[in-house]
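Comments concern the structure below.
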Amino acid sequence: MAKITGRLEESIKQYIDKGYWEPLLTSDYWDENAAKYPDEEAIIDGVSRLTWSQVKLRSDRLALKLLSLGIKRDEVVVCQLPNTNDFIIVRLALIKAGILNCQP
């Protein structure tokens, strides 16, 4: 498993300090939108429509469930799902739990 080295940490800090990057994860932006627009639609697929708050609730619950199953932070999980709302929820849950997602 690749780990962040001192040199890489230094580069990341420089990018954040210069304003090129923010120290936030994708899930942080989703959660921020859930707080701002809880009842507005966030994602839509051919079967269902979910609001920002629904996506947050489902991804939070799944993140906790994955951790309770014994999957640990920085472990790798492979996820293969069609392009649906569930795919987004799984990806967000993995990010929130600190579980790495291996994708093609």
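Numbers below:
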| quantity | calculated |
| --- | --- |
| Förster radius 22 Å - calculated FRET efficiency between residue 100 and residue 8 (Cβ-Cβ, nearest 0.05) | 0.90 |
| As computed over the chain, the Cα convex hull volume per residue (Å³) | 128 |
| Accessible area of the range 64-104 belonging to carbon and sulfur atoms, whole % at 1.4 Å probe | 59 |
| q = 0.12, 0.22, 0.26, 0.29 Å⁻¹, the range 5-66: log10 I(q)/I(0) [Debye, one scatterer per Cα] | -0.46, -0.86, -1.00, -1.13 |
| Cα-Cα over 22 Å, subset of 36/65; 18/96; 65/96 | 36/65; 18/96 |
| Choice from 94, 62, 25 with maximal GNM fluctuation in the chain (Cα, 10 Å cutoff) | 25 |
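The values are calculated or read from the model by the stated rules, or taken from the named source; none is laboratory data. All of these numbers come straight from a predicted model, not from anything done at the bench. Using ideal geometry, Cβ is built from the backbone for each residue, glycine included, and neighbour counts are taken over all protein chains shown. Side chains included, ligands, DNA and RNA excluded: accessible areas come from the protein's heavy atoms. Shrake-Rupley method; radii C 1.70, N 1.55, O 1.52, S 1.80 Å.
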